[in-house]
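Colleague: Have a look at the structure that comes next, please.
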Amino acid sequence: MYRSFKVLLAIFLFSLVGCVNPFAPKLVEPRQNETILSDQKTIDGLFKNFSYAYNFKDTAVYSKLLSEDFVFVYRNYDLGADLSWGKFEDIKTTYGLFQSASNINLIWNDSYLSIGDSLEKNIQRAFSLTIVFSPNDIIQLQGKANFKVKFNPVDSIWQITYWRDDTYF
């Protein structure tokens, strides 16, 4: 009886110790009021959500960045002309990019131009964008973007009304 008690105790202790992984990182409690997404009540929050939408390929977050009258403009160097589209086509195009890329990394650099008032601003920002389609197909872009943003009083958030992409190729 005493011997079987020792065996059972040994099995219990080994199984208890076996549940602990000494190499696992410690769990970190989340800091209070710290979230990945912003509430978009500031322009900084708007750009934080923009980065989140691209980096996590989230079209639901991305669509909330754009106002209903949004216009995207880019230079088509083959045609030698500026081309544009609205919110619906931009979301559809961005969705296609998100689906075809295995990884996207967008980093906003400092704003080097910000003109406007408390309801509308023109902002120019530089960025670095890396798009990974496959291990052998990686695109790295450096560029600048010109934005017009406005405060939406109904939802109390900032949204993009105009985006001109001046990416360096």
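Colleague: Of Asp39, Asp82, which residue is of a type in the set (Asp, Glu) and either within 13 Å of Gln159 (Cα to Cα) or not in a strand (DSSP E or B) (or both)?
Modeller: Asp39 is the lone residue from the list that is of a type in the set (Asp, Glu) and either within 13 Å of Gln159 (Cα to Cα) or not in a strand (DSSP E or B) (or both).
Colleague: Now for a different question. Against the condition within 26 Å of Gln99 (Cβ to Cβ), in a helix (DSSP H, G or I) and modelled with pLDDT of 85 or more, how does Ser51 come out, does it pass?
Modeller: Yes.
Colleague: Residue check: is Asp117 loosely packed, with under 11 Cβ neighbours inside 10 Å, over 13 Å from the mean Cα position of the chain (by Cα) and of a type in the set (D, E, K, R)?
Modeller: yes
Colleague: If you take the residues in the range 127-156 that are among the small types (Gly, Ala, Ser) and outside any loop (DSSP other than H, G, I, E, B), which one is surrounded by the fewest Cβ atoms within 10 Å (Cβ to Cβ)?
Modeller: Ser134
Colleague: Can you tell me which residue among Thr59, Thr93 is within 23 Å of Asn105 (Cα to Cα), loosely packed, with under 14 Cβ neighbours inside 10 Å and modelled with pLDDT of 95 or more?
Modeller: After ruling out the rest, the residue left standing is Thr93.
One line per residue, one yes/no per condition, for (1) at pLDDT 95 or above; (2) closer than 29 Å to Asn136 by Cβ; (3) loosely packed, with under 11 Cβ neighbours inside 10 Å:
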{"residue": "Ala81", "(1), (2), (3)": "no, no, yes"}
{"residue": "Phe88", "(1), (2), (3)": "yes, no, no"}
{"residue": "Ala101", "(1), (2), (3)": "yes, yes, no"}
{"residue": "Tyr112", "(1), (2), (3)": "no, no, yes"}
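The values are calculated or read from the model by the stated rules, or taken from the named source; none is laboratory data. These figures come from a predicted structure and were not determined experimentally. Using ideal geometry, Cβ is built from the backbone for each residue, glycine included, and neighbour counts are taken over all protein chains shown.
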